Amino acid sequence: MSQDGFRTGEIDTSRPHPARIYDYLLGGKDNYEVDQQAADQLASAAPEVRIGVKANRAFLQRAVRYVVSSGVRQILDVGTGLPTAPNVHETAHEVAPDVRVAYVDNDPIVKAHADALLSRSGATSIVLADLRDPRAVIDHPDVRRVIDFDQPVALLLVAILHFITDAEKPDQAVAALRDALPAGSFLVLSHATGDFADRSEAQAVYNNATATLNLRTRAEVERFFDGFELVEPGLAQVPFWRPDATPPARSGEIGFYGGVARKIG
């Protein structure tokens with residue numbers, strides 16, 4: 001591990017990376033031809049994916065507004081991906097300008113882009129670390145500079161856990177992060193699923209990527225919320241979690257679950 005909690009080395013642009021695939025599907029420009037080809041294959045295998053990633057992004061924004069409106073003033077966003085406007089801190093600051101945000105990702109390209117965009121005010125930080133090593137996230141000095149773990153924190157795990165295999169023990173990683181949070185904290189989580197259609201071809205697209213796609217059922221996703229209390233409406237397809245507008249056409253096909261939960265004790 002490097003000081004940033006991630007193995008140093010050359011940035012791999014020979015294989016698709018989930019963050020860059022996601023960026024391309026959202027209409028971003030921070031991606032390579034290999035990512036574009038993978039994203040196009042993904043859209044061919046799962047036609048709803050383009051509206052799905054946009055719905056997931058909209059869920060993130062609604063969830064951030066919810067937790068900030070509930071009083072949280074610090075956010076730990078693990079697996080943040082490439083910066084996409086509005087970013088989490090921009091969405092949070094619409095509700096409360098004093099919110100602090102620590103961004104964490106394992107892609108050096110994500111960190112480089114975020115470093116260029118984030119202010120040096122001390123209200124935000126970007127850390128190169130991996131969810132598979134939760135202690136490296138929790139103990140990183142640039143996380144600790146922004147996040148006070150004695151006060152409620154909103155932990156964001158949005159569209160990240162499905163890139164971790166069962167063998168890599170994602171449940172233990174989530175539990176380690178949960179145990180570092182005080183009562184009154186929140187977990188905001190979304191996860192891809194194959195509950196609504198056979199998405200084995202979509203999974204295959206990621207076989208040559210830097211991380212595989214591991215779809216999980218509703219019951220499997222709900223287990224990540226152990227130790228938290230889900231807020232209404234519970235775990236739902238992302239377009240239907242507290243929508244602030246009419247969900248887009250074909251929303252019922254979107255293979256993303258999303259939920260927000262509070263740590264009670």
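Where the centre of each part is set by its Cα atoms, how far does segment 210-265 sit from segment 117-163, in angstrom?
Cα centres, segment 210-265 to segment 117-163: 21 Å.
For the chain, how big is the tail of P(r) above 35 Å, as a whole percent of Cα pairs?
Value for the chain (Cα pairs over 35 Å): 8 percent.
Could you check the simple spin-label distance between Glu232 and Tyr32, using points 7 Å along Cα→Cβ, in nm with one decimal?
Result: 4.8 nm between the two label points.
With a point put 7 Å past each Cα toward its Cβ, work out how far Thr212 is from Arg73 in nm, to one decimal.
The modelled label-to-label distance comes out at 4.5 nm.
Looking only at trypsin sites (Lys or Arg not before Pro) in DSSP loops with at most 12 other Cβ atoms within 10 Å, what is the longest site-free stretch of the chain?
Looking at the chain, 121-265 is the longest stretch - no exposed trypsin sites (Lys or Arg not before Pro) with at most 12 other Cβ atoms within 10 Å.
How big is D, in µm² s⁻¹, for segment 176-265 by Stokes-Einstein at 37 °C and 0.692 mPa s if Rh is the Kirkwood radius over C-alpha pairs?
Diffusion coefficient, whole number: 226 µm²/s.
Whenever you get a sec, line up Asp105, Asp133, Asp166 from highest to lowest accessible area (probe 1.4 Å, protein heavy atoms).
Result, largest first: Asp166, Asp133, Asp105.
Using all Cα-Cα distances in segment 66-134, what percent lands in each 5 angstrom bin from 0 up to the longest?
4, 18, 29, 24, 16, 8, 1
Looking at segment 157-263, which chymotrypsin sites (Phe, Trp or Tyr not before Pro) are DSSP coil and have at most 16 other C-beta atoms within 10 Å of their C-beta?
Phe196
Beyond 23 Å between alpha-carbons counts as too far, so tell me which of Lys111/Lys263; Lys29/Lys111; Lys169/Lys263 fall in that bin.
Lys111/Lys263
Can you give the direction-averaged projected area of the convex hull of the alpha-carbon atoms in segment 1-142, in nm²?
Over every viewing direction, the Cα hull of segment 1-142 projects on average to 8.9 nm².
Where the accessible area of the chain is counted over protein heavy atoms with a 1.4 Å probe, how much of it, in %, is carbon and sulfur?
Answer for the chain is 48 percent, counting heavy atoms of protein chains only.
Would you kindly compute the Cα radius of gyration of segment 18-91 and its largest Cα-Cα separation (Dmax), both in Å?
13.9, 42
Could you do me a favour and compute the accessible area per residue for segment 212-265, 1.4 Å probe, result in Å²?
49
Rounded to the nearest 0.05, what FRET efficiency do Ala204 and Asp139 give with R0 = 25 Å and r taken as the Cβ-Cβ distance? Could you check?
0.10
Would you compute, for the Cα atoms of segment 89-214, the largest minus smallest coordinate along each principal axis and list the three values in descending order, in whole Å?
Here the Cα extents, ordered largest to smallest, are 44, 34, 28 Å.
Suppose each label sits 7 Å from its Cα in the direction of the beta carbon; what would the Asp166-Arg50 distance come out to in nanometres?
3.4
The values are calculated or read from the model by the stated rules, or taken from the named source; none is laboratory data. Remember, it's a predicted structure, so these values are computed and weren't measured experimentally. With ideal geometry, Cβ positions are generated from the backbone for all residues, glycine too; neighbour counts draw on all protein chains shown. Each accessible area value is taken on the protein alone, full model and side chains, heavy atoms only, with ligands, DNA and RNA left out. Shrake-Rupley method; radii C 1.70, N 1.55, O 1.52, S 1.80 Å.
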